[in-house]
Amino acid sequence: MAGCGSKESKYPVLEDVKEPAAAEEVSFNGFTGSYDTDKWVFDNSMGNFAIYDKAIYMAGNPDGQCPNVNANISQDFEGKLTEDDMNSLMDELKNMGIDGFTVVKNEMRTFNGEPVIYYETKTEITDDMIELLIENGNMTEADIDAMGGRDRLKEVGETDSIGIAAVIDGKIVIVTGTYYDESADVLEAMKLLLKTGKVS
């Protein structure tokens, strides 16, 4: 009985997420989204929309390994994301030519009935990476000193991240989550931001 009920997704489905009781909506830099205040804390001191693992953040991030999620508005976009868009984004990421940054997986997924670009990366903090973070305004020399200096940062080792690009209100929004052990909480937080996300 084709055409009866729900249509099959073209891409693997990212499971929906329930909005938690402790959800709170915040806005920064034109992006608005909700996060679970029991698990995360919002902080825009690095100049972007970011949430951090509450327990580790409140403890002062002693190991420099605080899981975090950030959201950035990329560009105007009409229509639905396609595999061509994914390939263009992957080319952009690879062409950054940054020592220590690797895309390990990428694929189209479906979230809330819409196609999204899903990718996983590994990042090793190198001098190149630190320079890029400073250049992009993600951190300052003072931030680096507060974390114990460049050598301490480089000792953190490899970090894993998930990126999801989605179309929200006519813009591509890229939500990136960085984790150190387990990705489940980070992915849930990312999905909640995308599900509740608005661009103004």
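A short reminder: the numbers here are calculations on the coordinates, not readings from a lab. From a predicted model like this one, the values you see are computed outputs, not experimental measurements. All Cβ positions, even for glycine, are placed from backbone atoms using ideal geometry, and neighbour counts span all protein chains on display.
Residue by residue, what Karplus-based ³J(HN,Hα) values in Hz, rounded to whole numbers, does the range 62-74 have, using 6.51, -1.76 and 1.60 with θ = phi - 60° and x for Gly and Pro?
Those phi angles translate into x, 9, x, 10, 9, x, 8, 9, 10, 10, 10, 8, 8 Hz.
For the chain, what are the DSSP H helices with axial Cα length of 15 Å or more and mean Kyte-Doolittle hydropathy of at least -0.5? Walk me through the numbers before you get to the answer.
Numbers: long enough: 83-95 (18 Å, -1.37); 184-196 (18 Å, 0.72).
TM-like helix candidates: 184-196.
So how far apart, in nm, are the two label points at Asn72 and Glu107 if each is 7 Å from Cα heading toward Cβ?
2.5 nm
Quick check: Cα centre of the range 106-151 to Cα centre of the range 34-68, how many Å?
About 15 Å separates the Cα centre of the range 106-151 from the one of the range 34-68.
Select from the range 68-98 those GluC sites (Glu not before Pro) which occupy a DSSP coil region and have at most 14 other Cβ atoms within 10 Å, ordered by residue number.
On the way: sites: Glu78, Glu83, Glu92; in loops: Glu78.
Those satisfying the criteria are Glu78.
Amide H neighbours of Phe49 under 5 Å, at least 5 residues apart or on other chains, H built in the peptide plane: list them.
Excluding prolines and chain starts, which carry no amide H, the hits are Ala71.
Run the helix sum for the chain: -39,500 (n - 2.57) per DSSP H stretch of 4+ residues, divided by residue count, reported at 222 nm to the nearest 500 deg cm²/dmol. All intermediate terms of the calculation are to be shown ahead of the outcome.
On the way: 6 runs with 52 residues, N = 200.
After summing the helix terms and dividing by the residues of the chain, the value is -7000 deg cm²/dmol.
Using θ = phi - 60° and the Karplus form 6.51 cos²θ - 1.76 cosθ + 1.60, what ³J(HN,Hα) does each residue of the range 12-24 get, whole Hz, x for Gly and Pro?
Karplus values, whole Hz, x for Gly and Pro: x, 8, 7, 4, 5, 10, 7, 6, x, 4, 8, 5, 9.
Of Lys94/Lys191; Lys94/Lys195; Lys18/Lys122; Lys94/Lys122; Lys80/Lys122, which pairs sit farther than 19 Å apart, going by alpha carbon to alpha carbon?
Working: Lys94/Lys191 25 Å; Lys94/Lys195 28 Å; Lys18/Lys122 28 Å; Lys94/Lys122 12 Å; Lys80/Lys122 27 Å.
As for pairs spanning more than 19 Å Cα to Cα, those are Lys94/Lys191; Lys94/Lys195; Lys18/Lys122; Lys80/Lys122.
So, in nm, how far is label Glu120 from label Asp99 when the simple model puts each one 7 Å beyond its Cα toward the Cβ?
Calculated label separation equals 2.7 nm.
Give me the number: length gained by fully extending Asn136 to Asn87, i.e. 0.36 nm times residue separation minus the C-alpha to C-alpha distance, one decimal in nm.
Details: separation 49, 0.36 × 49 = 17.64 nm, distance 2.33 nm.
Gain on stretching Asn136 to Asn87: 15.3 nm.
Given the chain reduced to its alpha-carbon atoms as identical point scatterers, what log10 I(q)/I(0) does the Debye formula return at q = 0.07, 0.19 Å⁻¹?
-0.21, -1.56
For labels at Phe28 and Met46 in the simple 7 Å Cα→Cβ model, what's the distance in nm?
The two pseudo-label positions are separated by 0.9 nm.
What is the log10 of I(q)/I(0) for the range 11-52, computed with the Debye formula using one identical point scatterer on each Cα and no solvent, at q = 0.15, 0.16, 0.18, 0.20 Å⁻¹?
Taken in order of the listed q values, log10 I(q)/I(0) reads -0.44, -0.50, -0.60, -0.69.
Are there GluC sites (Glu not before Pro) in the range 100-200 that DSSP puts in a loop and that have at most 10 other Cβ atoms within 10 Å, and which ones? Could the numbers behind the result be given before it?
Working: sites: Glu107, Glu120, Glu124, Glu131, Glu135, Glu141, Glu155, Glu158, Glu182, Glu188; in loops: Glu182.
Counting only loop positions with at most 10 other Cβ atoms within 10 Å, the GluC sites (Glu not before Pro) in the range 100-200 are Glu182.
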